[in-house]
Amino acid sequence: MELKTPLYDMHVQANGKIVPFAGYLLPIQYPTGIITEHQLVRTSVGMFDVSHMGELVLEGKDATENLRYLIAGEINDLVPGQIRYALMCYKNGTVVDDLLIYKMSDTKYFLVVNASNKDKDAKWISEHLFEGVTLSDVSDSFGQIALQGPQSQKVLEQICSDFPQKYYTFKEKVDVSGVECLVSRTGYTGEDGFEIYCDADKIDIIWKALIDLKVPPCGLGARDTLRLEAGMPLYGHEISDEITPLEANLKMFVKLDKEAFIGKDALTLPRARKRIALKMVDRGIAREGCDVYVGEEKVGFVCSGTHSPTCNMAIATALVHVDTPIESEFLIDVRGRKIKAEKTPFPFVKKAK
Amino acid sequence: MKVLDNLFYTESHEWVKFEDDGTATVGITDFAQSELGDIVYVNLPEVDDVMEAGKRFCDVESVKAVSDVYAPISGTIMAVNEDLMDSPEGVNEDAYGAWFVKVSDVNNKDRLMSAEAYVALVEKEG
């Protein structure tokens, strides 16, 4: 059975089209439609219910060292109030999950993980805990809203006076519409924006305040097109337990000069595949799982594919053999029809200035 | 949701209009476009293709997914709506104006239902 987020009734009231996603019932879109929701976030502002995300707290004297052993990246330089994107890998170098690490103190970290991986992550971390370090799953006690788009700050200023100024930083115990929140300057759209966390039973107060400020609610559909345009990976697509960070072009989150961490040995070896960005030349949309060819030879598969509302064309990410010449004319098998595609740089869309 | 009384419908959400000259015009219903969301491509068949009732004859791409469109009747395609190549959003704006194909040699109408029956079906699904 699917769970409901604390904002479920709001989505139903607003005529959101509800679908099961990662174990939750969430709106894929509102009557506004994916393209309009997408464009609102790119040009103005929009908000998403992301209460389904998992939140874990890692705490203890050796929490920093423990986390450094669990992730491929580095957090030694983080100070309380800073956030880092990280990848947690298996011994073979493939990915357990990607996560955001919020440093609360030298001995306490708040980890935000994918909803669909939360239980797996909690188990994995628990199996690799250092002595004196504890892990707690606090997901059910948190609601979360992502306020995204170039106008995010203008909106937030009206209901919050003390918000984080710098990208990838956060503030705790901040007052948002009278509710005590954790606010971070983060997001999954490639735009400026904030993620607001608070008690699950109070998140509706903030949602309603933002609705009153005319912030349009946006669904999972726009969340996916926005993140794909921004070149951001999604677990199960660009990264997974069959894909390494190196293959996914996420080498900057793998720090091989760090002492032992899980997956290090495997990640010192050269990668077999690489992630590329493609735009369709022919009509049609390459979707996840479509085979990618150069001439007659199959060179890989599509990780994610959609229509890009900003570029007004079909775009995709694909995982191909590492030695595939990037200037190749790619052919993608879309339901038995081979459509032409060509490589384009990441990201598909750059942040609005 | 809009359903026009003078059209016939299928369980798979296509509509058919029978013209006075015995040909038929085919499209997808307002309910279908609303379920699909923003439509970004319509992959139309070719003129002179034969379509067979109940079989897929083209597909529609929305941002979310690709969906097959099934032939509500059998017949020969005599025209395709090329406006949809450049303006697929026309289907979202006016599902009954944005026809897909015109069909001659029409036969096999077994799958069709009345507007009334279609409304009942959609109410059940919705």
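Brief remarks follow.
- Within the stretch A:227-256, being of a type in the set (Asp, Glu) and either crowded, with 20+ Cβ neighbours inside 10 Å or in contact with a Cys (Cβ under 7 Å, 6 or more places away or on another chain) (or both) holds for A:Glu229, A:Glu238, A:Glu247.
- Residue selected from the stretch B:40-59 under the condition under 14 Å from the mean Cα position of the chain (by Cα) and within 11 Å of chain A (Cβ to nearest Cβ), by the criterion surrounded by the most Cβ atoms within 10 Å (Cβ to Cβ): B:Val42
- Residue count, the stretch A:288-333 (criterion: crowded, with 22+ Cβ neighbours inside 10 Å, closer than 19 Å to B:Asp38 by Cβ and either β-branched (Val, Ile, Thr) or at pLDDT below 95 (or both)): 2
- The number of residues in the stretch A:91-112 being free of Cβ contacts under 8 Å to residues at least 60 places away in the same chain, in a loop (DSSP other than H, G, I, E, B) and either polar (S, T, N, Q) or surrounded by 24 or more Cβ atoms within 10 Å (Cβ to Cβ) (or both) comes to 1.
- Pairs where the first residue, in the stretch B:63-79, is at pLDDT 95 or above and basic (Lys, Arg) and the second is crowded, with 16+ Cβ neighbours inside 10 Å and in a strand (DSSP E or B), C-beta under 7 Å, 6+ apart: none
- Search result, residues across the stretch A:174-200 that are under 24 Å from the mean Cα position of the chain (by Cα) and surrounded by fewer than 16 Cβ atoms within 10 Å (Cβ to Cβ): A:Asp199
- When residues of the stretch B:81-108 are limited to those that are away from chain A (no Cβ under 14 Å) and aliphatic (A, V, I, L, M), the one surrounded by the most Cβ atoms within 10 Å (Cβ to Cβ): B:Val103
- The C-beta contact set for the stretch B:40-60 (first residue basic (Lys, Arg), second residue buried (at least 19 other Cβ atoms within 10 Å of the Cβ), distance under 9 angstrom, 6+ apart or interchain) comprises B:Lys55/B:Tyr70; B:Lys55/B:Ala71; B:Lys55/B:Ser74; B:Arg56/B:Val69; B:Arg56/B:Tyr70; B:Arg56/B:Ala71.
- Set A:Gly143, A:Gly178, A:Gly149: member being modelled with pLDDT of 95 or more, out of contact with any strand residue (DSSP E or B) (no Cβ under 8 Å at 6 or more places or on another chain) and among the small types (Gly, Ala, Ser): A:Gly178
- Given (1) farther than 18 Å from B:Gly97 by Cα; (2) outside any strand (DSSP E or B); (3) hydroxyl-bearing (Ser, Thr, Tyr), number of the condition B:Ser34 does not satisfy: (1)
- Any hit, the stretch A:65-79, residues being on the phi > 0 side of the Ramachandran plot and at pLDDT 95 or above: no
- Residues being part of a strand (DSSP E or B) and either within 14 Å of chain A (Cβ to nearest Cβ) or surrounded by fewer than 19 Cβ atoms within 10 Å (Cβ to Cβ) (or both) - total across the stretch B:60-79: 10
- Counting the residues of the stretch A:194-210 that are more than 13 Å from A:Met53 (Cβ to Cβ) and touching a residue at least 60 places away in the same chain (Cβ under 8 Å) gives 6.
- Flag for A:Thr189 being closer than 27 Å to A:Ala22 by Cα and in contact with a helix residue (DSSP H, G or I) (Cβ under 6 Å, 6 or more places away or on another chain): yes
- The condition (being of a type outside the set (A, V, I, L, M, F, W, C), within 14 Å of chain B (Cβ to nearest Cβ) and under 24 Å from the mean Cα position of the chain (by Cα)) is satisfied by just one residue among A:Gly263, A:Gly284, A:Gly289: A:Gly289.
- Of all positions in the stretch B:23-30, at least one carries a residue that is assigned to a helix (DSSP H, G or I) and within 18 Å of B:Val119 (Cα to Cα).
- Failed item, numbered, when A:Arg223 is tested on (1) outside any loop (DSSP other than H, G, I, E, B); (2) away from chain B (no Cβ under 14 Å); (3) basic (Lys, Arg): (2)
- Residues that are out of contact with any Ser or Thr (no Cβ under 9 Å at 6 or more places or on another chain), crowded, with 18+ Cβ neighbours inside 10 Å and more than 14 Å from chain B (Cβ to nearest Cβ) number at least 1 in the following helices (runs of 4 or more DSSP H) confined to the stretch A:1-90: A:8-13, A:63-70.
- Of residues in the stretch B:109-126 being part of a loop (DSSP other than H, G, I, E, B) and more than 14 Å from chain A (Cβ to nearest Cβ), the one surrounded by the fewest Cβ atoms within 10 Å (Cβ to Cβ): B:Asp110
- Looking only at residues in the stretch A:119-152 that are polar (S, T, N, Q), surrounded by fewer than 19 Cβ atoms within 10 Å (Cβ to Cβ) and in contact (Cβ under 8 Å) with a residue 40 or more places away in the chain, the one that is nearest to A:Gly178 (Cα to Cα) is A:Ser141.
The values are calculated or read from the model by the stated rules, or taken from the named source; none is laboratory data. Model, not experiment: these values are computed from the prediction. Using ideal geometry, Cβ is built from the backbone for each residue, glycine included, and neighbour counts are taken over all protein chains shown.
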